[in-house]
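Shown below is the structure under consideration.
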Amino acid sequence: MGVIYYLKPSKGLINEESNKQVKIDFFKTLSFWGQKSNLLKTHVGLHLLGKRDGFGIINVEHYVEMLKQAVRFSHKIHEVQGKILFVNNPIDSKFDGLIKTLALKIDEPYFLGKWVSGTLTKKVKLDYKAIIVLNPKKSVFLIKETKKIGLPTICLGDSDSDIFDIMYPILCNNSKGDSILFCLILLSNAILEEKLYCFANQHLNLKKHVRKKNTGYS
């Protein structure tokens, strides 16, 4: 897996060769750039290597571990017979097509646009077993609702996001399409793999049941 980064050269790096060396050194540190962040106001400090020019530098080892945990959880969602809702806010509407495509690919619901407060808490019966949120900083009301009802949430947060109330945070640069695409593909593939696995098991068990009923042999 490659490192995703946005590298802003310092004033001292004026030639292409110097920039190339910095990128190599940056790769070796297992880090990539996030957004401008205030470490005192968010709960991401333990997952950052530091700051440069106000931008948080995310530790990729922590990012990979967070992603692994979210993928493991995604594998289990279908076991509890529930849906997982993909949510994107109107500010990041440029990613609407990506969200819609991946959600339709794995036959899961999606919501695009402004979230209305109380959408989840006012429901008598909740069909969703988990929610994937593209940007927790811009989905505050949704995060509050999921916390109130104890609904597991996977969030693609950045170095400026507060991840304290999020069950499965993934720190990444959530303003870049390649970073978001990589995370969502892994998550959607995990959900799809589990669905196919369950379908295959049910199909095999059904064939065994029919054969046993018709012949008397298992």
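Going by amide H atoms built from the backbone, whose H comes under 5 Å of the H on Ile132, apart from near neighbours?
Leu85, Phe86, Val87, Ile154
Right, next: Mind giving me the nanometre distance, one decimal, between the label points for Thr121 and Phe199, set 7 Å out from Cα along Cα→Cβ?
Reported label-point gap for Thr121 and Phe199 is 3.8 nm.
Residue by residue, what Karplus-based ³J(HN,Hα) values in Hz, rounded to whole numbers, does region 198-203 have, using 6.51, -1.76 and 1.60 with θ = phi - 60° and x for Gly and Pro?
5, 5, 5, 5, 5, 5
Another question, if that's okay. Select from region 47-76 those chymotrypsin sites (Phe, Trp or Tyr not before Pro) which occupy a DSSP coil region and have at most 10 other Cβ atoms within 10 Å, ordered by residue number. Mind dumping the intermediate values first?
Values: sites: Phe55, Tyr63, Phe73; in loops: none.
Taking region 47-76 and a limit of 10 other Cβ atoms within 10 Å, no loop chymotrypsin sites (Phe, Trp or Tyr not before Pro) are found.
Quick one: which residues, 5+ away or cross-chain, put their amide H under 5 Å from the amide H of Gly82? H built at 1.01 Å from N.
none
I've got another one for you. May I ask you to order 168-179, 89-100 by the average number of other C-beta atoms within 10 Å around their residues, highest value first?
Packing order, densest peptide first, comes out as 168-179, 89-100.
Could I ask something else about it? How are the Cα pair distances of region 60-199 distributed, in percent, across 10 Å bins from 0?
Taking all Cα pairs of region 60-199, the binned fractions are 12, 47, 36, 5, 0 percent.
If you plug each phi of region 120-125 into the Karplus form 6.51 cos²θ - 1.76 cosθ + 1.60 with θ = phi - 60°, what whole-Hz ³J(HN,Hα) values come out, in order, with x for Gly and Pro?
Once θ is set to phi - 60°, the couplings for region 120-125 become 8, 5, 8, 6, 6, 10 Hz.
Scan around Asn59 for amide H atoms under 5 Å from its own, H built in the peptide plane at 1.01 Å from N, and keep only partners 5 or more places away or cross-chain.
Long-range HN contacts for Asn59: Leu48, Leu49.
Coordinate-derived values only; no laboratory data. Small disclaimer: the values here were computed from a predicted structure and weren't measured. Glycine gets a Cβ as well: all are built from the backbone with ideal geometry, and neighbour counts include every protein chain shown.
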